[in-house]
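Asks: Please read through the structure below; I'll follow up with questions.
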Ligand SMILES: Cc1cc2nc3c(=O)[nH]c(=O)nc-3n(C[C@H](O)[C@H](O)[C@H](O)COP(=O)(O)OP(=O)(O)OC[C@H]3O[C@@H](n4cnc5c(N)ncnc54)[C@H](O)[C@@H]3O)c2cc1C
C-alpha cells in the first residue's frame, strides 16, 4: 500500500493563488513569509506526513486507543510520533512569536495541516485542538492564565481539549448542566461538577497534562445560552509543593467509533470528589462568545482535515486504477481500469472537487491572515481604499461555514468515489480507502453539524448582513470569471453570480414573513454557494490545468442549477408535511 505522497506542487500553486485572491500577497511583510522559506517548511511537513504519520494510520484503525483505569492508552507508535512532532517544533508553527511560536501564517498552517490529516486524520486532530485553545486563551484569558498555560501549549508540552457536549446538550448548548461554583478557598478559582461526552483527545498518554476548556453554568446564571461561562480545567494542577497533582476530572470511557479510531473520544466526569479546579476564561456568562474563537478555528480545521482526507482518497484511487487490470478496452484485453471512461470520470470528479476544496480552504486561511494582519497592525496602517483588508473579517466569517460544511461533504463524496474505484477491495476492512471513507464521515457531524453551518451562513452571514458581504464576494468571483476567454466555465459562473444575488435578495425579503424559509433552504443554499466558489477556484487555476477546469464546468458546476431550483422552491414542500406523517 503506497504511503501518503504530499501533493507539494498543487499545494504551492493553491497557496500562491489564495495569497493573490485574498490580497495577502500585496501586504509587504507577508511577502517574506510566503517566499522560499515556506518551501522548506512544506517539505518538512510533507516528510513528517509520509514517513512518520502515514505508516501509523492503518495501525490506529486496527488498534484503537483504549481506556484503562490509569487513563487512556493511545494506539501503538502514536505517543512516539507525537514526541517527534513536538521535538521538530510543529506545535509552534502558527502561534505568535510573543507566545513562543514561529508566527507563520494561517495559510501555511493550513497547507501543513492538510498533509498531516491526509496521512493520519486521527493524529492530526490532537495538535489541532491545541491550536484552537491557544487562540481562545490569547483572546480571552487573563494575563496570569496566559502566562501559565500558553507556553506549554505552544511548545506541545501539554495538549488541549474542547469540552462542550453533554448527553442532553449537542447542537443545542442552552441545556448544558455542568456547574461551576466559586472555590470555598476564595482564591479566585472555581470547582466544577458534571459530565461531558464525545471529548476528542480528552485523555491520552502523549503528555503529562491536558488543558480542558469547559463550558459550564455558575450559580444564579441566566437560563439558556446567556448563562454559560468558559473555564480552563487542567488534568493536573499545581499541588502544595508546586508539583503537578491530579485534578478532579477524568475520562471514564471512550467511544468505539466508525472512524478516526485512534483519536480517543472520551466521556469525562468532573467533580467526583470535591470538584475539578478551574479558572474563568473571559467574562462571566460570556462563555459561548469566547468558545466561538476556538470553534471558528476548529471549523476551518474541519475543512483542512476534510481536504487532506479527500486528497488521500484521490491518491489511493489513482494508484489502484493504474494497478488493477480488468476488462477489455481499445488497447486490448485485461487492461488497467483507468482506461475505462467511467473510472476516468470518477477520478476526474475526485480531482476537480479536491482542487476546488483546496482553493476554498486556502483562500479562507489567507483571508484570515489578511484580517489578523489588519488587527495586529492597527487600523491606521490600513492603506486608504484597500477594500480587501477592510472586508477581510466579514469575508472570513462568511467563508468559514462554507469551508466547514461544503468541504466536509466533498470529502465524503470523494472518499465514496475512491471506494467505488477500488471495487470489492475497497469494501474490506484492510483497505486504507475503507478507513478513509469512515474517517471522512465525521466532518459533517462535529464542530456544529452541517445544518448548523448552513443556518449560520444564510441566516446570520447573509440575510442579517443584508447580502453586503455576499455581494462583495460575488463581485470578485465575477471579475475573475470575466477575465476568462469565452467558455462554458465563464458562462456558468457569470450566470450563477447573477442568480445568487437575485435569490439571496429575495430570500432576505421573504424570510421576514416566512419563519420556515431559512431552515427549509439553508442546506441547498450553502451547497450552491460552495459549488460556485469551487468554480471560482477553477477560474483561477484554468491556465494551470485547463482540462480539470473544463471538467468541473461540465460535471460539477451544473449541480448549481439543481441547488438553485430547490432554493427557489422555498418552504412550500415542507409547510404541509406534519412530522407524524413522514
Ligand atoms: C467523533 C466525535 C468527536 C467529537 N468531539 C467533540 C469534542 O472534542 N468536544 C465536544 O464538545 N464535542 C465533540 N463532539 C460532539 C459533536 O460536536 C456533536 O455530536 C455535534 O455537535 C452534534 O450534536 P449531537 O450529536 O447531539 O446531535 P444532535 O444535536 O442531536 O443533532 C442530530 C441531527 O439533528 C439536527 N438538528 C439538531 N438541532 C437542529 C435544529 N435546531 N434545526 C435543524 N436541525 C437540527 C442536526 O443537524 C443533526 O442532523 C464529537 C462528536 C463525535 C462523534
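Bear in mind that the values in this text are calculations on the coordinates, not laboratory data. Treat the numbers as computed from the prediction; the structure is a model and nothing was measured. Here the Cβ positions follow ideal geometry from the backbone for every residue, glycine too, while neighbour counts run over all protein chains shown.
Asks: Kirkwood-based Rg over Rh for the chain (C-alpha set), two decimals? The partial results should precede the final answer.
Replies: On the way: Rg = 23.9 Å, Rh = 24.7 Å.
Rounded to two decimals, Rg over Rh is 0.97.
Asks: When ranked by the protection proxy of mean other Cβ atoms within 10 Å per residue, highest first, what sequence do the peptides 81-94, 10-23 form? If you can, show how the numbers build up before the last one.
Replies: Values: 81-94: 18.6, 10-23: 21.4.
So the order, starting with the most tightly packed, is 10-23, 81-94.
Asks: Please find the FRET efficiency linking residue 97 to residue 236, where r is the Cβ-Cβ separation and R0 is fixed at 22 Å, and quote it to the nearest 0.05. Walk me through the numbers before you get to the answer.
Replies: Numbers: r = 28 Å, r/R0 = 1.27.
Rounded to the nearest 0.05, the efficiency is 0.20.
Asks: Hey, another quick one. Starting from the Cα-Cα distance between residue 284 and residue 472, subtract it from 0.36 nm times their residue separation and give me the gain in nm to one decimal. If you can, show how the numbers build up before the last one.
Replies: Details: separation 188, 0.36 × 188 = 67.68 nm, distance 3.65 nm.
Full-extension gain reported as 64.0 nm.
Asks: Order these peptides, 523-532, 475-484, 429-438, by their mean beta-carbon neighbour count within 10 angstrom, highest first. Write out the running numbers ahead of the final one.
Replies: Values: 523-532: 24.4, 475-484: 16.6, 429-438: 20.9.
In decreasing order of mean packing, 523-532, 475-484, 429-438 become 523-532, 429-438, 475-484.
Asks: Another question about this same structure. Note down the nm distance, to one decimal, between modelled labels 7 Å out along Cα→Cβ at residue 571 and at residue 464.
Replies: 1.8 nm
Asks: With labels modelled as points extended 7 Å from the Cα through the Cβ direction, what inter-label distance (nm, one decimal) is found for residue 147 paired with residue 225?
Replies: 3.6 nm
Asks: Also, quick follow-up: Is the range 132-214 best put as rounded, prolate or oblate by its Cα gyration tensor, with a ≥ b ≥ c the root eigenvalues, rounded for a/c under 1.5, and otherwise prolate when a/b is larger than b/c, oblate when not? Numbers along the way, then the final one.
Replies: Working: a/c = 1.75, a/b = 1.21, b/c = 1.44.
Oblate, because a/c is 1.5 or more while a/b does not exceed b/c.
Asks: Let me ask another. If you take the beta carbon distance between residue 87 and residue 578 as r and set R0 to 41 Å, what does 1/(1 + (r/R0)^6) give as a FRET efficiency, to the nearest 0.05? Could the numbers behind the result be given before it?
Replies: Numbers: r = 60 Å, r/R0 = 1.46.
Calculated transfer efficiency: 0.10.
Asks: Another one. Suppose R0 equals 35 Å; then what is the FRET efficiency for residue 516 and residue 139 from their Cβ-Cβ distance, rounded to the nearest 0.05? If you can, show how the numbers build up before the last one.
Replies: Details: r = 36 Å, r/R0 = 1.03.
Efficiency, rounded to the nearest 0.05: 0.45.
Asks: Say each of residue 425 and residue 243 gets a label point 7 Å from the Cα, pointing the same way as Cα to Cβ; how far apart are those two points in nm?
Replies: 5.5 nm
Asks: Would you kindly state how much longer the chain becomes between residue 498 and residue 73 on full extension, computed as 0.36 nm times their sequence separation minus their alpha carbon distance, in nm to one decimal? Walk me through the numbers before you get to the answer.
Replies: Numbers: separation 425, 0.36 × 425 = 153.00 nm, distance 5.45 nm.
Separation in residues times 0.36 nm, less the Cα-Cα distance, equals 147.5 nm.
Asks: From the helices alone, meaning DSSP H stretches of at least four residues, give me the mean residue ellipticity at 222 nm for the chain, per-run term -39500 (n - 2.57), in deg cm²/dmol to the nearest 500.
Replies: Computed mean residue ellipticity for the chain: -17500 deg cm²/dmol.
Asks: For a quick protection proxy, order the peptides 236-248, 168-180, 540-552, 101-113 by their average other-Cβ count within 10 Å, most packed first. Write out the running numbers ahead of the final one.
Replies: On the way: 236-248: 12.2, 168-180: 16.6, 540-552: 18.6, 101-113: 24.2.
In decreasing order of mean packing, 236-248, 168-180, 540-552, 101-113 become 101-113, 540-552, 168-180, 236-248.
Asks: Length gain on complete extension for the stretch residue 340 to residue 187, per 0.36 nm per residue less the alpha carbon to alpha carbon distance?
Replies: The span from residue 340 to residue 187 would gain 48.0 nm if fully extended.
Asks: Further, regarding this structure: Given the C-alpha centroids of the range 266-314 and the range 116-138, what is the distance between them in whole angstrom?
Replies: One Cα centre to the other: 10 Å.
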